[in-house]
Amino acid sequence: MASEMVRVVYTKYDGSAHRDYPARRLNEDDLGIWVGVTRGTASVYHGQPSVEQIPFVLLIPHHAWWTGMFNPTPRTSEVYCDITTPARWEGDTVHIIDLDLDVSRRRDSGLIELRDEDEFEEHRVRFGYPGDLVTEARAAAARLLTSLGDGTEPFASAYRKWLSIVAETA
C-alpha cells in the first residue's frame with residue numbers, strides 16, 4: 001500500500017536542486033497521481049528553505065512530459081504546468097527533471113502563456129539537452145497550450161475537488 005505522504009523532488013537537467021517538498025497523496029486515477037500541499041508546508045526552492053504560503057494541488061501524470069500545479073486565489077495562475085521529463089518513482093519519492101519551459105493559464109483573463117523559452121534555450125545549450133528531449137519538451141508545451149484552453153481534463157474541472165480539500169485544511 002502506498003504511503004499517504006510522498007516527497008516531490010524536482011531537479012534541473014544538470015542535477016542541481018530546484019524544488020523539494022512533502023505532499024499528501026490525494027488520489028490516483030487515469031490522469032495520474034494527485035498530491036496536495038497545504039499552507040505552512042516546509043519546502044526547498046532553488047536550494048533555499050521556504051514555507052508554502054498558498055496551498056496547491058499537483059498532478060503527476062503517469063507517463064507525460066509535464067506536471068500540473070492547480071492553484072487557488074490569490075495566485076494569479078490558476079494552472080501552471082512545468083515541462084518535465086516523465087516522473088520516476090522510488091518508493092514514496094517522485095523524481096522529476098524540470099526542463100524550464102512552462103505553460104500557464106491566468107486566473108483573471110484565461111490567457112494561456114508559454115513561459116521561460118529563453119531559459120530553455122540557455123539550458124539546452126549549457127546542459128546539452130539531447131535532440132529527443134528537446135522534441136518531447138516542445139511537443140508537450142504545444143499540447144498544453146491547446147489543452148489548457150479547450151476544456152480538456154484535467155484542466156477544465158477535475159482538479160477542483162482536490163484543490164477544495166487542500167484549501168480547506170489550510
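The values are calculated or read from the model by the stated rules, or taken from the named source; none is laboratory data. Note that the structure is a prediction, hence the values are computed from the model and not measured. Positions of Cβ are backbone-derived with ideal geometry, glycine not excepted, and every protein chain shown enters the neighbour counts. Side chains included, ligands, DNA and RNA excluded: accessible areas come from the protein's heavy atoms. Shrake-Rupley method; radii C 1.70, N 1.55, O 1.52, S 1.80 Å.
Could you count how many residues in the range 50-60 are within 30 Å of Pro130 (Cβ to Cβ) and either acidic (Asp, Glu) or free of Cβ contacts under 8 Å to residues at least 60 places away in the same chain (or both)?
Result for the range 50-60: 2.
Within the group Gly68, Gly149, which residue is in contact with a strand residue (DSSP E or B) (Cβ under 8 Å, 6 or more places away or on another chain), part of a strand (DSSP E or B), open to solvent by less than 70 Å² (accessible area, probe 1.4 Å) and of a type outside the set (Val, Ile, Thr)? Every option except Gly68 fails the conditions. Here Ile112, Ile83 are screened, and the one residue that is aliphatic (A, V, I, L, M) and within 20 Å of Arg19 (Cβ to Cβ) is Ile83. Answer yes or no as to whether Leu59 is within 12 Å of Val94 (Cβ to Cβ), assigned to a strand (DSSP E or B) and at pLDDT 95 or above. So Leu59 fits the description; yes. Taken together, Gly68, Gly47 contain a single residue that is on the phi > 0 side of the Ramachandran plot and either of a type outside the set (Ser, Thr, Tyr) or without any contact (Cβ under 8 Å) to a residue 12 or more places away in the chain (or both), which is Gly47. Of note, Asp118 does not satisfy the criterion of being closer than 24 Å to Ala167 by Cα and modelled with pLDDT of 95 or more.
Suppose we keep only residues that are in a strand (DSSP E or B) and more than 27 Å from Leu111 (Cβ to Cβ) within the range 75-96. Which one would you say is least open to solvent (accessible area, probe 1.4 Å)? Among those residues, the one meeting the criterion is Val94. If the condition is being outside any strand (DSSP E or B), touching a residue at least 40 places away in the same chain (Cβ under 8 Å) and open to solvent by less than 60 Å² (accessible area, probe 1.4 Å), then the range 13-31 contributes only Leu31.
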